[in-house]
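Read the structure below first, then the notes.
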Amino acid sequence: MIHSAWLIPVLPLLSFLIVILFLRNKPKLGSLVANCFSLITFILATLVLVGRLQGDSLLREWNWLEVGSTTITLGFEINALNSLMLFIVSFVSFLVNVYSLEYMEGDDRKSIFFAYLGLFTFAMLALVISPNLLQTYIFWELVGLGSFLLIGFYFYKDSARAAAKKAFIMTRIGDVGLLIGILLLFTQVGSFEYDEIFAAVRNGELIGSVITASAILIFIGAVGKSGQFPLHTWLPDAMEGPTPVSALIHAATMVAAGVYLVAATYPLFEVSQIALTTVAVVGCFTAIFAASIGLFQKDIKRVLAYSTVSQLGFMMLALGTSGYVAGVFHLTTHAFFKALLFLAAGSVIHAVHTQDIEEMGGLNKRMKITSLVFLIGTLAISGFPLFSGFFSKEEILISAWTSGNEIMFFIALFTAFLTSLYMFRVYFLVFTGETSEASSHAKESGSAILVPMLILAVFAVFSGFINTHWFGTYLSDFLLEDAQITVKETHAPTWILYAATIVSLAGIFTSYLLFGKNKTKFGESSFSKSPVYSIVYNKYYIDEIYDAIVVKPTRLFAAGLKFIEWFCVGGIMKTISGCIQFVGWIGSRLQSGKIQTYGTIAVFIFALFILVYGVTNGGLLK
Amino acid sequence: MSSIPASSFLLLAIILFCIGLYGALTKRNTVVVLISIELMLNAANINLVTFSKYGLTPNLTGHIFSLFVMAVAAAEAAVALAILIALYRNKPTILIDEMDDLKH
Amino acid sequence: MDLQTLLSFHWDTMMPEFIILISATVLSLIDLFIGRSFSRKFFGWASFIAVVAALVSLISLSDHGVTTILNNSYVFDSFSIVFKAILLIGTALVILMAISDKFENIEEVKSEYFYLLMTGLLGAMFMSSSGDLITLFIGLELLSISSYILVAIRKENSKSNEAAMKYIINGSIASAILLFGLSYIYGLTGSTDLAAVQQIVSTLSGTELSGLLGLSFLFIIVGFTFKIAAAPFHMWAPDVYQGASTPVAAFLSVVSKSAGFIIIIRVLLNIYAGAYSPDGQLPLLINMQNYIFTISAITIILGNAVALMQTNIKRMFAYSSVAHAGYILVPLAAVSPLLFENIWFYLLAYTVTNIGAFAVIQYVVSDENNENIEAFRGLYKRKRSMAIALLFFLISLAGIPGTVGFIAKLQIIASALANNPINITIVVIMILGTLVSYFYYFRVIAEMFFKGDRLELQPPKNEIPFNLIVVIGVCVAATIVLGLMPNLALDNFYKLFS
Amino acid sequence: MSSSGIVFSIIAICAILGGLMMITLKKVMHMTVAMILTYFSIAALYVLLTAEFVAVAQVLVYSGGITILMVFGIMLTYHKAENRDEEKVSSFRKLITFLSVATLGIVSYFLVAPVDFVAEEIFVGDHTKAIGEILYTNYIIPFELVSILLLVALIGAVLLAKKDKEEANE
């Protein structure tokens, strides 16, 4: 089975071509065909994963292009990491396909939507099985194109257009870094193959600064795609796409591509402490930064988007602190529970036709199953004991602690607290309390929406058990089997486990006090102004305390970060684009339409050349 | 005859080339601009003919080349004037800096 | 030399040139003698057939072996075959485009159009197939003068006249500068035969004369930058493309530019690769690399930055073609060992994508009677096939994987870096330039796919003419097929050069 | 200075003077006359360089053909504006042009100065015949190509300069 792994990306491509060419105007048939293909892809991927579990890695390549003495190959590779990724991607993609059957009902471009899903899945799967950096880059770009199409799916909305464009451009900036990194490696190694590059690194053929530079450049690519600071701004905006797309792209797969890339090129990072530290710092900062912004969002999808950014930061932090397994592990569990959360959010949006959580409320009576699965997802992401997120987050905390960087560890711990705080905020505001006006007509979604969610819920609960210290570290053993990295034996202090548990519970409890009991809404000017008569005095007192010690500092912190974002990121972007625009402006001003101006400019530059030549080579000064 | 150094001829060519270039870039009348360009071509011809006589291996190729250049120059001048006349029919000006509808 | 010697040359290798020459002459005679009322519609197809016949005869000659006629006046070698093929393909496509060229609803295409395109092509072919400075110069001028007239051919239109005026004045200045440089080459070597020149310049080492040789390099390269529309002589391009009719703009941006690169390779490599610099160390070409580097960098930066500002689609493509000239100069600036194939493949890629794009532009512009980018608004809903075709061309020009444009850029970058890692500077400039180019290419894509209210959009007034369907079909197919299987073209290239 | 040196100096001064007058005089007709002076000086220079045939061609093509062409151009496009003051050209641009051209000239001169080739009598006998022979054997290809070029220029000039019949009737 493993030998025909190349079929896995080809099938979604076929689905894309068939649907876009022949079934454009047949939404029923088109979506059905896409689903069939998606199912077969998923089955194949599962078989390949099973095959890899029992067998060995595989590498197949064909010559594609010859540039002088260098041969560029195309091929595919199956190893532990990417067989796992294949499974995750095709699995989530399949569930999203099923889910969209109902969710996209009535849209007259339903077929096209499914075609795009196929294109995107193709690109992502092909990215994952690439055996060399060039092929990775090609599909990396194609993934960007697919997400561009899907984010801009509702292109008649200005905001969707702007978001699609922003996503494309922002990730392109990262891509340029990646491309330069790849080319830098190419100049040094003379090959794009992962294996050859890693071999060169192992044999010490590359000097340290080159490794560091190329690792950081590759990381810049990952920063763009995985929405890390400072290139994260496109990800929340990308929520303009249909919700199933958000679940697929902006939770489970595409944004994970950055993390995957860092993991796939890990041997490179491993030997450069500077690169690792960069990854860790950026990840850590992104985690807390996004979490603190997420706390104050009102749009349910934006909260989830920021939480994605934050969780991706966690993964990067893990990778940066030598927690290779921890990073991949969290990537796996996150794919399940975040897809679940998005799908559930989609179900809610589908029912209440608003995305503002402060307008929702009391949905647990009307949408029992959705409410349940959302709760499961929330518990998982919050790291509630025995849920999947609990184990993977613990791994990350352990790797942060054992790397010896206490500050990052405590930031991560605090972020874990914030995570449960803001995620439960969503849960409490949306599902508990009085039924709001918007929610009063909500109906539970149909089975095509519910079944995928329930399946994902099962995974969100249990997927953590693939790597625990109690039952066995299956994932870790599997991944380290053929990953070309060195593993450091670590002894994690047990108190981290308790600390993680306490932090998670504290977050949930705080959230309950703030949002479950009191329905604090940040939308009102301030909550000290909330009507005194409606609440009992001592509750009010608690509110005050929380307001003073938690909410206000966090809000201040968030404001500060927002400022940094606006100032640094925006400033740099503005400067660069300003420079280009300035050059363009100068250029078009010089283009005065007057023939002789053109000639004068040409002769002026010509004279400069001649002057420089005369002085340097011509020996004019001798 | 041989008392004139080759560089005198070459210097003269450079001077005429520069005069032509300056005229081509600053004169407003299109016809004068065209004349200036002819002067530049003439300067190149002086070089060619000089090198025919003074050179590593003097030969007649320079003469041939300069004859070809003359033919080309004549053709270019004819086409340029035809374009000028066509232009003049649509927009009665021969001032070169007034031909600036296409810009930026 | 008697008739016997003259006849002993392999004149048969000039078959493609003869076909073009004879058909151009015959067409001009027919044009002269048939009546005014007689339709000249068949001119386009006749000249198309002639160009295709020349291409076929060129291919049939491909295993003929190297032949030179009359002291390198005419050289038939692998270099000339592969580059002539590009020129012929480009011109054939442009002629097809020109058949249905309409301007301000004047149906009849001027008959002169076609034989002028053919004489221009003839000049370009001699530029790629001559080893003698005089012939090269005459070929260049033949191409230039034909182009000047082609730009001016819409003589009722003052924009067209103005464009032609700009073109001819800048062009004449550039060719005077070029000629001045060539005169020094002749002076230093006493010959115009490139093979002889190459031999003699290598003996000039260490003498003070190599200073003059370097000077001639600057004159020549600056003269040539006019033809390829690179900085500093690029400023005519936007104005001329805008003023000229669309097929002529396509001709200038593809065939004329390719011919410019061909003559640059011919002249610069032959003369300067074997010469010594004034310090007597390296080949002079290496010494002068910095100037090509600067030209290339300025061209890329300026072309892309100014393209961002444009609202007229033809001007935008003019600046984009300026930027592409900058990319094609990169292998020269990097003196990469795979220079020929890099430039050749890039020119091939550029030919099919750019002509395809111009064909779509021609259709849309004449249908909407509007040259602004807004003319493309909602094209996807109005004429789906056109929008999708243009999408392919644009992403190929932008260099997105899966298209031939990507392979071409990749080759240039890879071989520049493989030669010498120091070239990373120019490669980074090239990549950043490409990044900027996404903005303006995607503006057109966004305009076609994302904008335009379904209700407000008018369906296109005219059907797509058959000839444009052929052009666009061929170009789309080439863009994709060569993007996926570049070896189809490259194998043929290697076969000739091995 | 030898006699040929004196002759050369006079010719050179005439040529440069003609050029300078051409770019400083105000009236277009005066400029044309200055141009003829330069063309004749250059022809004399060719004689000095024993290039009699080129000299004759110079007189015929430039002083004859091209000058008349230019005069026709001036006549056909005669316009009052032509005598408007030349000062309207931006003096900044003039300065830039002047500096560039001067730099170009000076640097070129320093690079050209070391050229110390000595003159040789290249060909004893009839230059014209020799030129003709070379032209029709070695350079037959560019020669034929030039004939096409002239044909193209002819067609182009007629095409562009003639009035279309419909227009003429209106």
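The values are calculated or read from the model by the stated rules, or taken from the named source; none is laboratory data. These figures come from a predicted structure and were not determined experimentally. Because the Cβ atoms are built from the backbone with ideal geometry, glycine has one as well, and the counts that use them run over all protein chains shown. Note: areas computed on protein heavy atoms with side chains; ligands, DNA, RNA excluded. Shrake-Rupley method; radii C 1.70, N 1.55, O 1.52, S 1.80 Å.
In this Cβ point-charge picture (+1 for Lys and Arg, -1 for Asp and Glu), the protein assembly as shown has a dipole of about 3300 debye about its Cα centre.
Proximity of backbone amide H atoms, modeled 1.01 Å from N, is registered between C:ASN372 and C:ILE313 at under 5 Å, excluding neighbours fewer than 5 places apart on the same chain. Charge dipole of segment B:6-98 (Cα centre as origin; +1 on each Lys and Arg Cβ, -1 on each Asp and Glu Cβ, all else neutral): 80 debye, rounded to the nearest 20. The string of couplings for segment C:167-175 from the Karplus curve (6.51, -1.76, 1.60, θ = phi - 60°) is 5, 6, 6, 4, x, 5, 4, 4, 6 Hz, one whole number per residue in order, with x for Gly and Pro. Using a 1.4 angstrom probe on protein heavy atoms only, the contact between C and A buries about 5300 square angstrom of accessible area, both sides summed.
Taking a ≥ b ≥ c as the square roots of the Cα gyration tensor eigenvalues, with a/c under 1.5 meaning rounded and otherwise prolate when a/b beats b/c, else oblate, which class fits segment C:63-143? Here segment C:63-143 falls in the prolate category. Under a 5 Å amide H cut-off, with hydrogens placed 1.01 Å from N, A:GLY75 pairs with A:TRP62 among residues at least 5 apart or on other chains. Normalised size of chain C, defined as Cα radius of gyration per 2.2 N^0.38 Å with N residues, equals 0.95. Per-atom-type breakdown for segment C:1-143 gives carbon and sulfur 68% of the accessible area (1.4 Å probe, protein chains only).
Using C-alpha pairs under 8 Å with a sequence gap of at least 6, the mean separation divided by the residue count of chain C gives a relative contact order of 14 percent.
Here the Debye sum runs over all C-alpha atoms of chain A as equal scatterers in vacuum, and log10 of I(q)/I(0) at q = 0.05 Å⁻¹ comes out as -0.24. Rounded to the nearest 500, what is the 222 nm mean residue ellipticity of chain A from helices alone, with -39500 (n - 2.57) per DSSP H run of 4+ residues and division by all residues? Taking each H run of at least 4 residues, the total per residue is -23000 deg cm²/dmol. Rounded to the nearest 20, the Cβ-based charge dipole of segment C:303-498 about its Cα centre (Lys and Arg +1, Asp and Glu -1) stands at 220 debye. For segment C:444-498, the Kirkwood hydrodynamic radius from C-alpha pairs, put into Stokes-Einstein at 4 °C and a viscosity of 1.567 mPa s, yields a diffusion coefficient of 87 µm² per second. Placing unit charges on the Cβ atoms of the charged side chains and taking the dipole of segment C:303-498 about its Cα centre, the candidate lying farthest along the positive direction among C:PHE497, C:TYR319, C:ILE400 is C:ILE400. Entry comment: accessible area of the protein assembly as shown is 33 Å² per residue, from protein heavy atoms only and a probe of 1.4 Å. The mean number of Cβ atoms from other chains found within 10 Å of a Cβ in peptide C:185-196 is 5, as a whole number. According to the square roots a ≥ b ≥ c of the eigenvalues of the Cα gyration tensor, what is the shape class of segment B:6-98, taking rounded for a/c under 1.5, prolate for a/b larger than b/c otherwise, and oblate for the remainder? Oblate. Under the rule a/c < 1.5 gives rounded, and otherwise a/b versus b/c splits prolate from oblate, where does the protein assembly as shown land using the Cα gyration tensor? Prolate. With everything on Cα atoms, drop me the angle between helix A:537-546 and the longest principal axis of chain A, reported from 0 to 90° to the nearest 10. Helix A:537-546 and the main axis of chain A meet at about 20 degrees. In degrees between 0 and 90, to the nearest 10, how far off the longest principal axis of chain C does helix C:487-497 point, with axes built from Cα atoms? Roughly 20 degrees between the two axes. Each principal axis of the Cα cloud of segment C:303-498 was evaluated for its coordinate range; sorted largest first, these ranges are 56, 35, 21 Å. The distance from the alpha carbon centre of segment A:166-211 to that of segment A:342-420 is 35 Å, rounded to a whole number. Backbone phi angles across segment C:52-57, fed through the Karplus curve with coefficients 6.51, -1.76 and 1.60 (θ = phi - 60°), yield HN-Hα couplings of 5, 4, 4, 5, 4, 5 Hz in residue order; Gly and Pro are listed as x. Centre-to-centre separation between the Cα atoms of segment A:1-32 and those of segment D:16-31: 77 Å. Measuring between alpha carbons in the structure, the pairs from B:LYS91/C:LYS227; B:LYS53/D:LYS27; A:LYS26/A:LYS368; A:LYS298/A:LYS574; C:LYS110/C:LYS461; C:LYS84/C:LYS314 lying more than 30 angstrom apart are B:LYS53/D:LYS27; A:LYS26/A:LYS368.
Defining a contact as two alpha carbons under 8 Å apart and six or more residues distant in sequence, what relative contact order in percent does chain A show? Each step should come with its number before you reach the end.
Working: 979 pairs, mean separation 71.3, N = 622.
Worked out over chain A, it gives 11 percent.
Sequence-ordered 3J(HN,Hα) estimates for segment C:129-141 from the Karplus curve with 6.51, -1.76 and 1.60 and θ = phi - 60° stand at 10, 10, x, 10, 4, 5, 5, 4, 5, 5, x, 4, 5 Hz, glycine and proline given as x. Where is the GNM fluctuation largest for chain B (alpha-carbon springs, 10 angstrom cutoff): B:ALA24, B:ALA43, B:ALA78? Checking each option, the largest mean-square fluctuation is seen for B:ALA78. Annotation: amide H-H contacts under 5 Å for A:LEU65 (H modelled 1.01 Å from N, sequence separation of 5 or more, or interchain): A:ILE72. Computed from the Cα positions only, the extents of segment C:3-65 along the three principal axes stand at 47, 28, 7 Å, in decreasing order. The alpha-carbon positions of segment C:186-329 define a convex hull whose volume is 93 Å³ per residue.
From the largest down, segment D:3-122 spans 52, 34, 21 angstrom on the principal axes of its Cα atoms.
Taking every residue in D:69-75 and counting other chain Cβ atoms within 10 Å of its Cβ, the average works out to 6. Largest to smallest in accessible area, the residues A:CYS579, C:CYS475 fall in the order A:CYS579, C:CYS475 (1.4 Å probe, all protein chains included). Each of C:PHE137, C:PHE42, A:PHE465 has its accessible area taken with a 1.4 Å probe; listed largest first, they run C:PHE42, A:PHE465, C:PHE137. Taking D:TYR136, D:TYR46, D:TYR109 as the candidate residues, the one with maximal mean-square fluctuation in a Gaussian network model of chain D, Cα springs under 10 Å, is D:TYR109.
With angles folded into 0 to 90 degrees, how steeply does helix A:388-402 sit against the dominant principal axis of chain A? Use alpha carbons for both and round to 10. The two axes meet at around 60 degrees.
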